[in-house]
Amino acid sequence: TGLAVADLPQQGNIDIFGNVNAPGNVVVGGAGKTPVVQSIVRCLQQFGYRPGVVSRGYPVSPKRPILVRPESSAKAVGDEPLLHAALGVPVVVCADRVAACRELLARHADVNVIVADDGLQHYRLFRDIEVEVISQERGYGNGELLPAGPLREPRSRARECDLRITTAWNPPSSGYKDGNHHVAVRKLQKAYLLTDPSKIVSLLHFNNSRPYIAAGIANPRQFADALKRQGIDGKLLAFADHHDFSWNDFATLESRPILMTEKDAVKCKPFAQSNMWVVPMSVHLAPQTKRKLLDKLSAITGHRLDMRSLEEGEAAQHEPAPKKHESQTA
């Protein structure tokens, strides 16, 4: 993930972007990049910035910029951009992230920070802040470059990033000595019904139901293991990352609950059934992590922030609020 922040000009050309924040991975997939991007966007919103997001829109990767709209489908813009748009920020997808930035600013001139989802290796895009996201459980694998290993770039590339975030289900108590290296805790949230998002239940609801666990993400087993730590022992249905779900994937299953990630759920909405439950995953950024990011951003923009509200906002970000039409029912 690459988060690039730039001081966007109020007028004139945009050949050089002002604030671009580029979160990305040196390692291929499974690090928790999407929830990290969402946590960064929430943090920026909390402190008065007006962020927008640009994304490749994988696996679609459109050649021309597309503004994500409420009615957009995952087939048209990809799955992750739909999750970002749900935060109430403008999102543009395009294989060319520079073109995406231009379109974003042309449509939303009030945006003053651009978050480039998975922008670390998109070198045509200028960025002010780079954020590496890595999984504690997986790390850098065997340390070899593709195809011999999982690395997109040499491991030394990570040391060039302004902020390095290790996502962890069970974070180390000692932390890291490197001042740019931070730990972010990954957590599963309450589940909501895909056909009726206002119906929200504790994960304890599924402890004895032997649910199916459907996952078309980089590491399906990681999702199943996280549920197992919550006492949910189900049957894993593992699909390829960004799998294009259809009803045929579920047609022959027994009538038991089906648990899935938010990323997969956006592709299952067209054929949603009353036994399909969505389990959101959040990444909790510690106050010192947010402070590091905001300090770097303030140094670029000159925007002075009242950091006294950091602890207060920290509680609000700990568990994402339900969508506007949702209500807590269980």
Considering the alpha-carbon set of the range 190-279 alone, what are its Rg and its Dmax in angstrom? 11.8, 31
Once normalised by the length of the range 190-279, the mean sequence separation of its alpha carbon contacts under 8 Å that are 6 or more apart gives a contact order in percent of 37
If you take every DSSP beta bridge fully contained in the range 190-279, what fraction is antiparallel? Give it as a percent rounded to 5. 35
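All other residues with a Cβ under 15 Å from the Cβ of Gly234 taken together, and with Lys, Arg as +1 and Asp, Glu as -1, what is their net charge? The partial results should precede the final answer.
Numbers: positive: Arg210, Arg221, Lys228, Arg229, Lys235, Arg256; negative: Asp225, Asp233, Glu254, Asp264.
Neighbour charge sum, excluding Gly234 itself: +2.
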With a Cα-only, solvent-free Debye model of the range 235-284, what are the log10 I(q)/I(0) values at q = 0.17, 0.25, 0.30, 0.31 Å⁻¹? -0.51, -1.11, -1.57, -1.64
Find how many whole Å separate the alpha carbon centroid of the range 226-263 from the alpha carbon centroid of the range 124-150. 27
Give the order of Tyr212, Tyr140, Tyr192, Tyr123 when sorted by the count of other beta carbons within 10 angstrom, beginning with the fewest. Tyr123, Tyr140, Tyr212, Tyr192
Given a Förster distance of 45 Å, the FRET efficiency implied by the Cβ-Cβ spacing of Arg107 and Ala272, rounded to the nearest 0.05, works out to 0.90
In whole Å, what are the Cα extents of the range 112-195 along the three principal axes, biggest one first? 40, 35, 31
In this structure, the FRET efficiency calculated for Arg50 and Leu146 from their beta-carbon separation, with R0 = 35 Å, to the nearest 0.05, is 0.45
Around Leu104, with a cut-off of 13 angstrom between Cβ atoms, what is the net charge of the other residues, counting Lys and Arg +1 and Asp and Glu -1? 0
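Provide the FRET efficiency to the nearest 0.05 for the Arg157-Asp295 pair, computing r from the beta carbons and using R0 = 22 Å.
Values: r = 23 Å, r/R0 = 1.05.
My answer for the efficiency is 0.45.
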Distant-in-sequence amide H partners of Leu285 (H built 1.01 Å from N, under 5 Å): none
Under 5 Å between amide hydrogens, which residues at least 5 positions from Ile213 or on another chain qualify, with H placed 1.01 Å from N in the peptide plane? Lys235, Leu236, Leu237, Leu259
What length, rounded to one decimal in nm, is gained on full extension from Arg64 through to Lys187, with 0.36 nm per residue of separation minus their alpha-carbon distance? 40.7 nm
Each residue of the range 217-223 in order: what ³J(HN,Hα) in whole Hz does its phi give by Karplus 6.51 cos²θ - 1.76 cosθ + 1.60, θ = phi - 60°, with x for Gly and Pro? 10, 4, 9, x, 4, 4, 5
Around Val93, under 14 Å between beta carbons, what's the net of Lys plus Arg minus Asp minus Glu among the other residues? +2
What size of dipole, in debye to the nearest 20, comes out for the range 190-279 about its Cα centre when the only charges are +1 on Lys and Arg C-beta atoms and -1 on Asp and Glu C-beta atoms? 240
In the range 190-279, taking the dipole from +1 charges on Lys and Arg beta carbons and -1 charges on Asp and Glu beta carbons about the Cα centre, the listed residue (Pro211, Leu236, Phe250) farthest towards the positive end is Pro211
Please list, in chain and number order, the residues 5+ apart from Ile165 or on another chain whose amide H is under 5 Å from its amide H, with Hs placed from the backbone. Glu132, Val133, Ile134, His182
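Bear in mind that the values in this text are calculations on the coordinates, not laboratory data. Quantities reported herein were computed from a predicted structural model and do not represent experimental measurements. All Cβ positions, glycine included, derive from the backbone under ideal geometry; neighbour counts span all protein chains shown.
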